[in-house]
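So the structure is just underneath, and the comments pick up after that.
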Amino acid sequence: MALDQMTEVLHADMARFPRARLTVTKGPDKGKEVVLEGQAVVVGSDESCQLRLTDTSVSRRHFELTGGPGGYRLRDLRSTNGVHLEGVQVMDGRISDKVRITVGRTELRFEPERTEIQWPLSPHERFGETLGRSLVMRRLFAVLERAAPTDSPVVLEGDPGTGKEVLARSVHQKSARADGPFVVVDLGASSEPLMESDLFGHDVSASRPTARPGAFEEAEGGTLYLDEVSELSNALQAKLLRALETREIKRPGVGGTAKINVRVVASTQKDLEAEVKAGRFREDLFFKLSVFRVRVPPLRERPDDVPQLVRLFESRSKAAQPLSDEMLDMLARHDWPGNVRELRNVLERLAAFPDLGAASIARALGKNLDAGNDESSGAKLRAEMSSQLLALPYHEAKDRVLESFEKTYLLEHLKAANNVVTRAAQRAGLPRQSVHRMLRRLGISSADE
């Protein structure tokens with residue numbers, strides 16, 4: 001099924017909800033506060049949090065607040081001591097009135113204000129190759145629809161697996177530079193010397209017998225996508241800023257300069273404004289890049305989009321049988337720590353081996369196949385799964401069972417370790433690097449990433 005056959009034009013609208021204020025009223029950080037205007041706010045002890053607390057009984061990423069029509073959503077991010085609203089522990093809920101929030105030894109007051117926030121919403125439920133009819137995605141599409149035709153830089157912030165590169169490519173395709181090159185530089189996978197070489201090129205040297213142009217020259221007339229731009233060192237941030245301001249570069253080891261005609265789209269897993277406040281990212285470069293700055297929401301914030309995404313991935317994988325409404329509902333309730341990438345990987349496994357995949361999803365959601373009155377269907381599912389395993393060659397059957405075990409095993413250890421890979425690796429008795437590789441292969445994200 002083609003992408004355009006899966007979408008429809010929706011009515012253009014405005015989403016409205018109250019501005020709110022979150023203030024620390026008790027604890028070592030009394031007086032700290034943050035204003036909520038629709039952005040996601042994470043509260044915890046980690047320096048990347050929008051509201052950072054020094055209370056030692058507070059987890060690194062304790063809870064998250066996101067705004068939208070109908071109020072604000074509060075989610076416990078697998079904290080150690082839990083989140084309590086007016087003395088009642090909650091894992092996930094909506095709040096629209098003044099309420100007292102307790103985390104560890106800290107007390108906060110959430111208070112809506114009379115000022116109303118308005119979000120323009122796109123009338124479309126897709127932007128390029130990205131689907132989404134939820135309000136948070138239509139808000140994102142509305143911004144990118146305005147940004148794409150311009151030549152201004154764009155910053156995409158969001159968790160791994162949310163589709164930032166797909167959106168960046170769509171911005172390029174909807175711009176006047178669509179016929180030019182789209183060049184990707186992954187700054188999170190390089191050392192500083194390699195980053196500089198990737199961006200600006202290099203001359204002939206003992207270690208590099210062949211000179212080559214960098215990404216800025218390769219992207220001439222097109223778009224340069226800088227993935228994980230927050231990983232740039234201070235020295236390279238200065239060189240990037242100079243290139244953007246002067247529209248010229250100097251290749252290391254080569255005399256003279258070269259004029260460039262390139263649009264930059266950057267992405268990062270981090271809150272770039274928080275990185276500026278922490279002194280890790282140049283403020284002047286932040287303002288230069290953030291002409292259009294948008295947050296790509298994780299899949300857990302847009303469960304209404306899951307059925308549409310499932311049908312899209314089913315059509316691409318040529319699944320023998322579409323998932324039932326019951327299974328779609330189960331998928332929509334899952335947290336999806338690996339976001340859209342994880343959903344796609346799960347559906348690929350379901351298409352290849354549906355019973356094993358269904359059992360894996362059930363376990364990931366804490367479902368018992370024998371629970372309630374469904375004992376016979378649970379037993380039948382396991383019997384069918386065993387039958388299909390026995391029909392496969394030994395090594396293929398072993399790989400399928402191992403992958404299912406690895407995912408369930410790692411998710412449980414991550415949950416117990418508050419989603420921190422180092423602690424999960426210690427619990428599992430594995431090297432941290434090995435766990436990172438396994439998580440990437442399985443499409444699972446973590447706090448460390």
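The values are calculated or read from the model by the stated rules, or taken from the named source; none is laboratory data. Keep in mind that this is a model prediction, so the values were computed, not measured. Neighbour counts run over all protein chains shown; Cβ positions are idealised from the backbone, glycine included. For accessibility, only protein heavy atoms count, side chains too; no ligands or nucleic acids. Shrake-Rupley method; radii C 1.70, N 1.55, O 1.52, S 1.80 Å.
Listed values, structure above:
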| item | result |
| --- | --- |
| Residues that are touching a Gly at 6+ places or on another chain (Cβ under 7 Å), within 17 Å of L51 (Cβ to Cβ) and of a type in the set (S, T, N, Q), drawn from the stretch 78-125 | N81, T106 |
| Residues that are of a type outside the set (S, T, Y), modelled with pLDDT of 95 or more and either crowded, with 18+ Cβ neighbours inside 10 Å or touching an Asp or Glu at 6+ places or on another chain (Cβ under 8 Å) (or both), drawn from the stretch 106-139 | L108, F110, F127 |
| Sole exception among (1) open to solvent by 40 Å² or more (accessible area, probe 1.4 Å); (2) over 20 Å from the mean Cα position of the chain (by Cα); (3) at pLDDT below 80 for L3, by number | (1) |
| Single match in E245, E275 (criterion: open to solvent by 70 Å² or more (accessible area, probe 1.4 Å), touching a residue at least 40 places away in the same chain (Cβ under 8 Å) and not in a strand (DSSP E or B)) | E245 |
| Scan of the stretch 22-33 for residues that are surrounded by fewer than 20 Cβ atoms within 10 Å (Cβ to Cβ) and either under 20 Å from the mean Cα position of the chain (by Cα) or in a strand (DSSP E or B) (or both), ordered by number | T23, T25, K26, E33 |
| Residue in the stretch 270-282 that is more than 25 Å from the chain's Cα centre (by Cα) and either modelled with pLDDT under 90 or within 28 Å of S175 (Cβ to Cβ) (or both) present | no |
| Pairs, first within 13 Å of S59 (Cα to Cα) in the stretch 406-422, second open to solvent by less than 20 Å² (accessible area, probe 1.4 Å) and in a helix (DSSP H, G or I), C-beta under 7 Å, six or more apart | A417/A424 |
| Candidate set from the stretch 65-96 (those that are over 19 Å from V420 (Cα atoms) and among the basic types (K, R)); member that is farthest from the chain's Cα centre (by Cα) | R94 |
| Single condition A397 does not satisfy, out of (1) open to solvent by less than 20 Å² (accessible area, probe 1.4 Å); (2) at pLDDT 70 or above; (3) not hydroxyl-bearing (S, T, Y) | (2) |
| Hits in the stretch 162-215 - residues which are at pLDDT below 90 and among the small types (G, A, S) | G188, A189, S190, S191, S197, G201, S205, A206, S207, A211, G214 |
| Only listed residue being in contact (Cβ under 8 Å) with a residue 60 or more places away in the chain, farther than 27 Å from Q308 by Cα, open to solvent by 20 Å² or more (accessible area, probe 1.4 Å) and out of contact with any helix residue (DSSP H, G or I) (no Cβ under 8 Å at 6 or more places or on another chain), chosen from T102, T80 | T80 |
| Pairs with Cβ under 9 Å, 6+ apart, first in the stretch 48-59 and outside any loop (DSSP other than H, G, I, E, B), second small (G, A, S) | L51/G44; R52/G44; R52/S45; R52/A274 |
| Count of residues meeting criterion [open to solvent by less than 20 Å² (accessible area, probe 1.4 Å), under 25 Å from R75 (Cβ atoms) and touching a strand residue (DSSP E or B) at 6+ places or on another chain (Cβ under 9 Å)] in the stretch 282-335 | 5 |
| Residue within the stretch 222-242 that is at pLDDT below 95, closer than 20 Å to A178 by Cα and not in a helix (DSSP H, G or I) present | yes |
| From the options S59, S96, residue that is surrounded by 18 or more Cβ atoms within 10 Å (Cβ to Cβ), hydroxyl-bearing (S, T, Y) and out of contact with any helix residue (DSSP H, G or I) (no Cβ under 6 Å at 6 or more places or on another chain) | S59 |
| Check on R316, assigned to a strand (DSSP E or B), among the charged types (D, E, K, R) and within 22 Å of R169 (Cα to Cα) | no |
| Of all residues in the stretch 60-77 being free of Cβ contacts under 8 Å to residues at least 60 places away in the same chain and not in a strand (DSSP E or B), the one that is nearest to Q118 (Cα to Cα) | G70 |
